[in-house]
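Everything on this sheet refers to the single structure shown next.
Just so you know, all these numbers are worked out from the coordinates, no wet-lab data involved. Predicted model, so just to flag it, every value in this text is computed and none were measured. Backbone-built Cβ (ideal geometry, glycine too); neighbour counts: all protein chains shown.
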Amino acid sequence: VNYLDSINTDDRDPLLVSMRAQAEKEDIPIIDRESGRLLRQLILFGRVDNILEIGTAIGYNAIRMAKIDKKIHVTTIERDAAMIKVAKRHINSADLADRITLIEDDAVDLDTDTLNGPYGLIFIDAAKAQNITFFEKFEPLLAKGGLIVVDNVLFHGLIDKQKDPSKNDIESKNLKALVEKIDRFNRYVMQRDDYDTAIHAIGDGLCVCVKL
Ligand SMILES: C[S@@+](CC[C@H](N)C(=O)[O-])C[C@H]1O[C@@H](n2cnc3c(N)ncnc32)[C@H](O)[C@@H]1O
């Protein structure tokens, strides 16, 4: 356990602790602790009460966000049947079925008219090659002054590696292509002047875009 994790008291909820242990054991990617803390502060500071998440996995972050305040409603989208099953079980055992709506669909195909926006926060955490697609598809549902947050934008340090010829030893073609796509999103979002965007080098890289 690192120093910050050892002194922070925000991640001691027994259900969340056991879910994180399960995710680690089964190699399921969930939000990093540090990024989770920043997200929590953004939600509190912005008094966000309606949240859309793309990519539920086992429901860790959806539950974590819903537990911040009783006013919060989270809509979360997941396409993988095995994940959906586990997420439902966790949401029920957290007694949060009334404040977490799990949409069982592919976020690429989903009809956005079925969603109850506007959302104060849209958290994009699904297939990383599709960040631009998700950003453009869901941003019409964002409230003015709202946030779009995208996780893993530095992708285990690989973006930095691929962009520096002296460090670049990535061999897999698929991985290279994925890194290119994440880099394309990062550049795209930085150039959108209707958002104030900062990429924070915490966790796996957290991109925070404030709608102006
Ligand atoms: C990184 S995990 C999500 C972790 C979760 N947000 C958390 O922090 O607890 C990504 C999830 O997105 C799902 N996913 C990927 N592409 C998707 C898509 N197009 N539509 C819906 N879900 C998708 C995957 O099945 C996977 O479970």
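Yes or no, residue by residue, for (1) under 18 Å from Asp204 (Cβ atoms); (2) within 16 Å of the ligand (Cβ to nearest atom):
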residue: Ala107; (1), (2): no, yes
residue: Gly117; (1), (2): no, no
residue: Gly120; (1), (2): no, no
residue: Lys137; (1), (2): no, yes
residue: Asn152; (1), (2): yes, yes
residue: Gly157; (1), (2): yes, no
residue: Lys163; (1), (2): yes, no
residue: Lys181; (1), (2): yes, yes
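Of the candidates Asp11, Asp32, the single residue that is surrounded by fewer than 18 Cβ atoms within 10 Å (Cβ to Cβ), more than 15 Å from the chain's Cα centre (by Cα) and within 13 Å of the ligand (Cβ to nearest atom) is Asp11.
For every residue, the table says whether it meets (1) charged (D, E, K, R); (2) surrounded by 13 or more Cβ atoms within 10 Å (Cβ to Cβ).
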{"position": "Phe155", "(1), (2)": "no, yes"}
{"position": "Lys161", "(1), (2)": "yes, yes"}
{"position": "Pro165", "(1), (2)": "no, no"}
{"position": "Asn168", "(1), (2)": "no, yes"}
{"position": "Leu178", "(1), (2)": "no, yes"}
{"position": "Asn186", "(1), (2)": "no, yes"}
{"position": "Asp193", "(1), (2)": "yes, no"}
{"position": "Cys207", "(1), (2)": "no, yes"}
{"position": "Val210", "(1), (2)": "no, yes"}
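Of the residues Leu52, Leu96, only one is away from the ligand (no atom under 11 Å from the Cβ) and either hydroxyl-bearing (Ser, Thr, Tyr) or under 18 Å from Val208 (Cβ atoms) (or both); which? Checking each option against the conditions leaves just Leu52.
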